[in-house]
Each structure stands twice: as structure tokens, then as C-alpha cells.
Amino acid sequence: MADRDALTARALIASLDPDYVELGFLGTEFTDGPLEWSGYGTARERARERTGERESVVCATGRVRAGSGAAPAPEAVLIAFEFGFLGGSLGEATGDRIEAAYAHARAQRLPVVSLVATGGSRMQEGMRALTQLQRVARQTVLTRRAGLPQLAVVRDPTTGGGWATLAAGADVVLALPGAQVGFAGSRVRPAGADPWAYTAEGQHAAGHIDALTEPADLPDVLGRWLTLLADPPAPARRAEPPHALTTGPLPADGTEAVRRTRSPERPRADAYLDAYFDWREEIRGDRTGATDPGMRCGFGRRDGRTVAYAAQCGTATRPAGFRTAARLVRTADRLGIPVLTLIDTPGAANDAAAEQGGAGPAIAGLFAAVAEAGVPVTSLLVGEGGSGGALALAAPGHLWVTPDSYFSVIAPELAAAILKRPPEEIPATADALRLRPQDAVELGVARGVVPGPA
């Protein structure tokens, strides 16, 4: 969808909350601007006549109205770009408005939602326009430090500094399908560049956008995200571990523990997340150009409160998975939201691509994020706990295990191979490693075995 041909900035805000309250500003006004660019004042006047706006952004406060019968989301500051006003470009007066809107958000403890559609900095104002990106970046940092959530909706087009500040720097980035998205606009790209890389779909595939959202679904999706991120309890209360989804006695020996854990019938992360949360929304990607489908991260609602989650899905975790989980933990920590982690991996991916992709630094980053978290982190081992790639997601002192799980410094087959033991000694090696769930409790690694279905 080409959003520039759809709603105006004011109509877009009204579609989210018909009763929005516009924020009034006195900003910088120019005739021909700081460069005395010939005809700039005339162009601005034509833009005003065409759009009815005095600048390229409209700022307001409102409560996003989700689907029929749904309660309004928490109040938010809404910053909507008007592409019809000089291509939604950022000039000095634009910076004035954005800065004032962010200051209002911090003063009133409100989240910020940016509805971005811009071609970038306004060339008629030269470097004075470009430096607005520094002002915007400063406002996003101050708001992040204040512990307030920032969401962005990427519309068509979103290029240049608008993408590289308000949009890509948000906690959660949504995009309208078909939107042109990229730092480079269509007229300044290298010849022969793949156009797909500059689309919402391409940025989503690369992990720079969390979700693609149809315009008709935007109020509902934004309302859900604001409910999740803008209404956390203070102080954060620790999330209780999920119940096990299977019943039965604990494994008698290491071989049985491995067999049960590796069974294809064992419940995986998706089943635990579905049973635990009333509803949830996911984030995607590590923001460095990669994703890992074996790591699910997001925020869910349970009994009227928000819990963040990072869940391994049973595959070898790739560097992007560790970085995405670290991103999730740090975001939740800033917003005061407790974290639940579900551990299930044979270990970190160890192929050449994983090493070149920074497996070591990515694992180190996740260990640090969990260790630094000021909010409570609760962990549940739901399957394989393969060495450091699993331990990085575990909360020290707050790890629980299910009956069909095992934690081990190394898989018993690999341990036997390293010790040059024949295959028939693998069961004895499994016993020697003490990798059963009850062993993890007895060794003081886990607090206990969670009960079966409630």
C-alpha cells in the first residue's frame, strides 16, 4: 500500500482516537530559510494551502481505540508526519515540534508513538535541517532513560534521517506493507541496487522491523502494544514459572532423561507460551541485520499484567537469537517489566557462519543483559539445556525445570567422544554427568521441578 496516497497526518491520528487533543507549538518560522533559498518561503506557503498544516508534523495526545468493545489503550503522545508538506521533510520548525512533543511526554509520563512518513532532511535549510537529527536523537535518548516506551509506525515512504532516528530507534517498529523504507531514498541509491532491500518487507526479513501491519489493523495492534508496554506495575513483581505441560514420574537415569527430553512429542516453547499468556505480541530481529526463528521474544499479558519473554524453540541458537533475547531483556528492564525465559536448545550454533556472525560476543551480551537486569527474571528449562548456549538465558537463583528436561555442561555423546569412550558407555556417561532434572535441583542449579498441568 502506498500510504502517501492514503490518510493525511491529522486523519491518521483521528483514526486512532477521534477525540485527540492537538499539542500547540510556537516554532521557528522562515521566509526563505536560513540559507535564503530562493522560493523556499513560497513553497512552504503552497504546502500550507495544500495540506492545511503549518509544518510537516502534527503532534497530539490521545488514547488509541482498538476493536469494538475494547477499552482504550493508555494515553500516548502521537507524532504524525504529513508527507504532503514538502515530502514530510525535517526542518528546524519540525525539530521544534518533535522536541516539544517529547518533552510533554516525559513531563506527563506518556509513551510516544511516531507515525513516520518522510523523505528525510529538508535540503532548503541545509545543515540546519540535518542537525535536527541530533535534536531528535537526544529526545529519544532522554525518553528512553525516563523508562517510557517508544513505538514507531513506518509508512510510505520512510527514508533518510526519519528512518535512522524516530523509526529505527524505537523500542517496537511496525510497518505498513509495501512501504518504501531505507536510509537511502529512491533517487540516491546505487545503480542496480535490489529494490526489495528498501521495502518494509525487506527490512522485516532482515530483522529491522518487528511486524508488518495492515492499515485497517493499526488501531488494534497499536492498542495492544500500548497496553503491554505503557501499563507495567511498579515495582515489577516476579513472574511465576509456568506449570509443566506433561505429567509422570521423574526419569530414573540419565539415558531416560535424554530420551524424554529429545522426544518429538515433548511440548515446545509455543505450547508453553500459549498456555501461559492470555495474549502476546512478538518482536523480531537483532537490529544488526539477522533473525533466528529458533528464538521467540516478545511481551504477553497474563492476569492483567505484562510479562516479557524470550523462548528457545529446541534448535541450536544462532548469534541473532542471543542478540534478540538481549534486546528483549534490556527493553523490559528499562520499562520495568518482569521477564520469563524458556530454555530449550542443544546448544549454541557452532558452524563457521555462527562464529563469523559473532556467537561468542552475542552469548556474552545475553549473559550480561540477564546479569544487569534490575527487573526480576524467572527461567524455566522446558527441554534440552545444552551448555553455555542454554545457561545464557537462565536467571541465576531463579531457574526451574520440568520433568522432561535436562541440563548438562555437554551432551553425553560428545562427552564420551572427548573422553574416547566407546558408544556403549554413553549411558554411563549420562549418569556420571548427573543431567536429570532432579539432579539440577540437588546440585543447586535449579530451585525445583515445576508441577504438572494446573
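None of the figures in this text is laboratory data; all of them are computed from the coordinates on show. In this text the structure is predicted, and so the values were computed from the model without any measurement. Note: ideal-geometry Cβ built from the backbone for every residue, glycine included; neighbour counts use all protein chains shown.
Centre-to-centre separation between the Cα atoms of the range 190-219 and those of the range 440-454: 43 Å.
Given 4 °C and 1.567 mPa s, compute D for the range 213-313 with the Stokes-Einstein relation, Rh being the Kirkwood radius over Cα pairs; round to the nearest whole µm²/s.
On the way: Rh = 16.2 Å.
It diffuses with D of about 80 µm²/s by this estimate.
For the range 85-110, the residues whose amide N sits under 15 Å from a probe point set 7 Å from the Cα of Ser186 along the beta carbon direction are 87-88. Size descriptors for the range 254-449, from the alpha-carbon set: Rg then Dmax equal 16.4, 54 Å. Shape summary of the chain, radius of gyration then Dmax from alpha carbon positions: 25.1, 86 Å. Applying a DSSP loop filter and a limit of 11 other Cβ atoms within 10 Å to the trypsin sites (Lys or Arg not before Pro) in the range 143-226 leaves Arg187.
Tell me, what is the Rg over Rh of the range 105-176, with Rh the Kirkwood radius over Cα pairs?
Details: Rg = 12.4 Å, Rh = 12.5 Å.
In the range 105-176, Rg relative to Rh is 0.99.
Once each part is reduced to its C-alpha centroid, what is the distance from the range 72-132 to the range 351-386 in angstrom? For the range 72-132 versus the range 351-386, the Cα centre distance is 36 Å. Evaluated over the Cα positions of the range 3-229, the convex hull gives a direction-averaged projected area, one quarter of its surface, of 12.1 nm².
Note on Asp270 and Gln438: the model spin-label points, each 7 Å out from Cα along the C-beta direction, lie 3.3 nm apart. For the range 430-439, putting each phi into the Karplus relation 6.51 cos²θ - 1.76 cosθ + 1.60 with θ = phi - 60° gives couplings of 4, 5, 5, 6, 6, 9, 5, x, 5, 5 Hz, in residue order, rounded to whole numbers and with x for Gly and Pro.
A simple spin-label model places the labels of Glu22 and Arg54 0.9 nm from each other, with each point 7 Å out along Cα-to-Cβ.
Rounded to the nearest 500 deg cm²/dmol, what is the calculated helix-only ellipticity per residue at 222 nm for the chain, with -39500 (n - 2.57) per DSSP H run of length n ≥ 4?
Values: 16 runs with 152 residues, N = 454.
Helix-only estimate at 222 nm: -9500 deg cm²/dmol.
Counting 0.36 nm for each residue step from Ala103 to Ile418 and taking away their Cα separation leaves a gain of 107.4 nm.
Between amide H atoms placed 1.01 Å from N, distances below 5 Å from Asp156 occur with Asp3, Arg4, all of them 5 or more places distant or on a separate chain.
In vacuum, with every alpha carbon of the range 294-352 counted as one equal point scatterer, what does the Debye formula give for log10 I(q)/I(0) at q = 0.26, 0.31 Å⁻¹? Two decimals, please. Summing over Cα pairs of the range 294-352 leads to -1.01, -1.24.
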